[in-house]
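Notes to accompany the following structure.
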Amino acid sequence: MSPVLQTPDSRPYASAKWGGSAPPGPVSTPTRWKKVLYERQPFPDNYVDKSFLEELRKNIYVRRYSYWSVVFESAVVIQQLCSVCSFSVIWWYMDQDLLSPQKLFGVGAAITLLGYFLFDAVDTGAERKVYGRTRWDDLKSSLVFIAFTYGFSPVLKTLTESISTDTIYAMSVLMLIGHLVFFDYGANAAVVSSTMSINMAIFASVCLASRLPRSLHAFTMVTFAIQIFALLPSLQRKLRAYTPWTYICVTFLFALFSVAGLWSISAVGALLFFLLLVSVAFLCPYFLIRLQLFKDNIHGPWDEAEIKEDLSRFLD
């Protein structure tokens, strides 16, 4: 209910007789309303003056988007969709014994090494120097990870033997969807959680790896999951910040590889996935820009107060 415009009551002074004639009484001036709570005023609680709606503002925070800028930003979503698709295709090839674990591990190691040197060359080793790490430290960390994963691969292989295969597949699908939902796409939202996203992806990879024929397959599959879900996004963020054109080219080649891999399994699935990528890359940015025309947000003195000053200096 909109506030009611009211005026304060003013009572004229009573006239007093003086020598048979009444002199003019003092003229009453209306009290001016103040938008404060610490003074007692002769106004009802719901009173506002005529200047209340003069502070109305509409769509003051609406952003003006550029179509191609939004298309560029959608590449990070394309990459994660392609990561999930590529991981699923590789797992299917391993499960059907069409791809040997030795070949996958060799190709994955070569691509990871190439990506590492590209990551290091893009910023000339600045990030590595910030954390005080050398290439030898990175090599030792990689060797320790490979040794532990290989040593625990028999455990990973038998970890879910008591769980039915249908349940494993259902959990893996849910975990991969959760990975896509919680991934950090650059939006400042409460749902974003990089830790939860990577943990859900690794959990799905462990579940699927446990259904592969041998322990070596499980080791290779978990290693490939680390490469595609943890290392590749870091490289893509670095390319996006320093070399945008390289970032776009890598994204395009990654999408092409994903669609081609899925085509070798299912032509219908590849077509649907291709349409999904086109929709995310081109249709969704178009609809986002068009929907900005229908925004009708109002702002005014009725909004809650916002403290925009940095108060961190008062904290211990």
- Query: Taking only protein heavy atoms and a 1.4 Å probe, what accessible area per residue, in Å², does segment 174-276 have with all protein chains in place?
  - Reply: 50 Å²
- Kindly provide the trypsin sites (Lys or Arg not before Pro) of segment 30-89 that DSSP labels as loop, not H, G, I, E or B, and whose Cβ sees at most 11 other Cβ atoms within 10 Å. ARG32, LYS34, LYS35, ARG40, LYS50, ARG63, ARG64
- Message: Taking loop as defined by DSSP and a crowding limit of 10 other beta carbons within 10 Å, which chymotrypsin sites (Phe, Trp or Tyr not before Pro) in segment 119-188 fit?
- Response: TYR131
- Mean Kyte-Doolittle of at least 0.0 and a Cα length of 18 Å or more along the axis: which whole DSSP H helices of the chain meet both? 75-95, 101-122, 135-151, 165-182, 194-209, 244-263
- Query: In a solvent-free Debye calculation with one equal scatterer on each Cα, what is log10 I(q)/I(0) for segment 72-117 at q = 0.25 Å⁻¹, listed in the order of the q values?
  - Reply: -0.94
- Item | For the chain: span of alpha carbons on each principal axis (Å, largest first) | 121, 50, 46
- If you project the alpha carbons of segment 162-211 onto the principal axes, what extent comes out on each, in Å, largest first? 40, 14, 13
- Query: For segment 257-281 and segment 164-219, what is the separation of their C-alpha centers, rounded to whole Å?
  - Reply: 21 Å
- Query: What's the longest bit of the chain with no exposed GluC sites (Glu not before Pro), using DSSP loop states and at most 12 other Cβ atoms within 10 Å as the test?
  - Reply: 162-303
- Query: Quick one: length gained pulling LEU114 to TYR93 fully straight, 0.36 nm per residue minus the C-alpha distance?
  - Reply: 5.2 nm
- Given the pairs LYS103/LYS157; LYS103/LYS238; LYS157/LYS238; LYS129/LYS157; LYS103/LYS140; LYS50/LYS295, which span a C-alpha to C-alpha distance of over 30 angstrom in this model? LYS157/LYS238; LYS129/LYS157
- Task: Express the accessible area of segment 41-83 per residue in Å², computed with a 1.4 Å probe while the remaining protein chains stay in the model.
- Result: 67 Å²
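Cα gyration tensor of segment 130-182, axes a ≥ b ≥ c as square roots of the eigenvalues: rounded (a/c below 1.5), prolate (a/b > b/c) or oblate?
Oblate is the answer for segment 130-182, as a/c is 1.5 or above yet b/c matches or exceeds a/b.
The values are calculated or read from the model by the stated rules, or taken from the named source; none is laboratory data. Not measured: the values here are computed from a predicted model. Reconstructed Cβ throughout: ideal geometry from the backbone, glycine too, with neighbour counts over all protein chains shown. Quick note on the areas: whole protein, heavy atoms, side chains included, nothing else; ligands and nucleic acids left out. Shrake-Rupley method; radii C 1.70, N 1.55, O 1.52, S 1.80 Å.
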